[in-house]
Amino acid sequence: MTRLERHSRLLLHVYPKQYRAERAEEMLGTLLEATPEERNWPRARDARALLAGGLRARAALNRRLPLRANVRTAVFVGLAAFLGFSAVARLSNLYANAGVIPGGWTRLPSSVGWTPILGPLLTLVVVLVAWFSRRRIAVLAAALPAAAAFLIPLTASCSVRLAGHCYGYAQFGQPVRGIGFYESVIQLSCMTCLVTLAGSGEPRRSGWLVPLGLVLLSPALLELGGGVAEVTAVLVLAVAAVSIAWIVVDARPMIAVCVFVLADWLGGGGNLLTLISSPAVTVVLLPGLGAALALAIWRLRYQSARTPRLRA
Amino acid sequence: MNAGRPDRRPVTPMREPTYFVLASLLDGPLHGYAIIKRAEQMSGGRVRLATGTLYTALDRLTSEGYVRLVSEEIVAGRIRRSYGLTDDGAAALRAEAQRMAEAARLVTRSARAAGPGRVGRKVRPA
């Protein structure tokens with residue numbers, strides 16, 4: 001294989017997988033014939049045209065589904081990202097603070113001391129099952145124990161300490177940071193929505209896994225990396241920035257980011273938004289999210305298949 | 001030729017690469033690289049189609065029914081497909097050529113009526 005062919009193949013990866021399976025060899029043949037043999041890379045205008053054509057082909061993938069199915073997929077990804085992010089954040093926090101006893105926190109009865117670990121672990125299982133399974137009943141079966149793992153410590157801690165936030169968890173007898181009341185309610189609501197949306201919309205494409213993986217990795221970096229909050233913030237903000245730029249091709253990632261930020265904010269901003277929390281951020285957050293969502297859905301309308309309207 | 005079918009002539013002007021892709025197929029089916037060369041030759045070297053542009057145009061024209069896949073063969077271990085003009089594609093191409101000819105006639109007619117001095121006259125800068 002010549003260097004020109006290798007580089008041309010690399011450029012063709014801009015096209016979606018299904019398109020490449022059908023067209024890549026034919027396009028490669030044409031590209032190699034049209035490019036002088038002594039070159040190592042295709043000409044700049046060929047590279048530009050491949051980039052534009054690949055992005056157009058990716059945008060065309062959405063046009064096979066109506067707007068509603070595309071919105072469902074975007075909301076599903078946003079919820080999966082939020083639940084996964086929160087679970088990894090809590091597990092990392094438990095690991096990082098093992099053995100530390102913060103002042104004023106309530107110790108849980110030892111009988112339910114294992115639940116803070118089980119809750120996030122089971123949440124991760126729910127996210128994985130919802131992502132890969134096409135059967136809603138399987139997702140529901142995974143979600144029920146996870147919901148129980150949230151409700152048991154919540155009830156136990158509320159019975160111990162009725163006023164204020166219902167903190168109070170124990171890891172092997174040691175109190176560590178757990179989950180608050182509002183956060184629990186939001187987590188359970190998001191899990192319910194995830195179960196409802198599971199098995200609908202389009203198949204979960206592998207392309208989603210890269211940004212999702214980066215988002216899930218970021219809280220682990222924050223807790224275990226030792227003072228790398230900026231790195232975490234930059235990582236999450238980079239995913240958000242690329243999603244905003246990607247709106248030209250596909251508006252769904254931007255909707256997913258809006259759902260993620262909204263869920264995180266409603267849950268008390270315990271994770272991401274503490275990094276950028278200030279009164280000004282809170283004031284502009286909701287109108288900003290609303291505007292971003294409206295823009296993304298408006299754009300997605302043109303990227304989705306048009307459904308025939310029934311006339312009255 | 002088009003009897004019983006709705007008129008599929010384009011309502012908006014064709015883009016130049018699309019026009020020359022269709023025009024290159026007038027003499028018979030061609031494969032990708034041959035379309036690029038033929039379009040360049042027909043346009044006097046002005047239209048040099050990039051590979052990405054060609055296949056984006058072919059995808060669109062195939063879905064619109066203007067171009068169809070005629071044959072597939074394996075050349076040097078790679079698939080090579082040849083594309084041909086459909087009846088609708090030929091009609092759309094003729095309609096576009098007619099539209100451009102009418103547009104050109106408007107200008108040449110008014111230029112002729114205005115006399116030879118008006119056309120190509122140098123304009124003094126203000």
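The values are calculated or read from the model by the stated rules, or taken from the named source; none is laboratory data. On a predicted model such as this, the values are computed, not experimentally measured, just so you know. We place every Cβ from the backbone using ideal geometry, glycine too, and count neighbours over all the protein chains shown. For the accessible areas, the whole protein counts, side chains as well, though only heavy atoms, and no ligand, DNA or RNA atoms are used. Shrake-Rupley method; radii C 1.70, N 1.55, O 1.52, S 1.80 Å.
Computed quantities for the displayed model
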{"item": "Candidates B:ILE35, B:ILE74 - the one that is in a strand (DSSP E or B) and among the hydrophobic types (A, V, I, L, M, F, W, C)", "result": "B:ILE74"}
{"item": "Whichever residue in the stretch B:76-105 is away from chain A (no Cβ under 14 Å) and in contact with a strand residue (DSSP E or B) (Cβ under 6 Å, 6 or more places away or on another chain) and, among such residues, is most open to solvent (accessible area, probe 1.4 Å)", "result": "B:THR86"}
{"item": "Condition met for A:LEU31 (away from chain B (no Cβ under 13 Å) and open to solvent by less than 40 Å² (accessible area, probe 1.4 Å))", "result": "no"}
{"item": "Close pairs from the stretch A:289-307: first open to solvent by 20 Å² or more (accessible area, probe 1.4 Å), partner in a strand (DSSP E or B), Cβ under 6 Å, at least 6 apart", "result": "A:ALA305/A:PRO66; A:THR307/A:PRO66"}
{"item": "Top-ranked residue in the stretch A:1-23 [being open to solvent by less than 20 Å² (accessible area, probe 1.4 Å) and of a type in the set (A, V, I, L, M); ranked as nearest to the other protein chains (Cβ to nearest Cβ)]", "result": "A:LEU12"}
{"item": "Odd one out for B:GLU40, checked against (1) in a strand (DSSP E or B); (2) farther than 22 Å from A:LEU12 by Cβ", "result": "(1)"}
{"item": "Qualifying position, being small (Gly, Ala, Ser) and at pLDDT 65 or above, among A:ALA240, A:ALA163, A:ALA170", "result": "A:ALA240"}
{"item": "Matching residues in the stretch A:243-259 - criterion: being over 14 Å from A:LEU212 (Cβ atoms) and in contact with a Phe, Trp or Tyr (Cβ under 6 Å, 6 or more places away or on another chain)", "result": "none"}
{"item": "Hey, B:ARG68 open to solvent by 70 Å² or more (accessible area, probe 1.4 Å) and either at positive phi or modelled with pLDDT of 90 or more (or both) or not", "result": "yes"}
{"item": "Lone qualifier among B:ARG109, B:ARG81, B:ARG60, B:ARG94 - being under 21 Å from A:ALA52 (Cβ atoms) and among the basic types (Lys, Arg)", "result": "B:ARG60"}
{"item": "The one condition in (1) open to solvent by 70 Å² or more (accessible area, probe 1.4 Å); (2) within 14 Å of another protein chain (Cβ to nearest Cβ) that A:ALA60 fails to fulfil", "result": "(1)"}
{"item": "Which numbered condition B:PRO29 misses (of (1) more than 14 Å from every other protein chain (Cβ to nearest Cβ); (2) within 30 Å of A:GLU5 (Cβ to Cβ); (3) modelled with pLDDT under 90; (4) open to solvent by 40 Å² or more (accessible area, probe 1.4 Å))", "result": "(3)"}
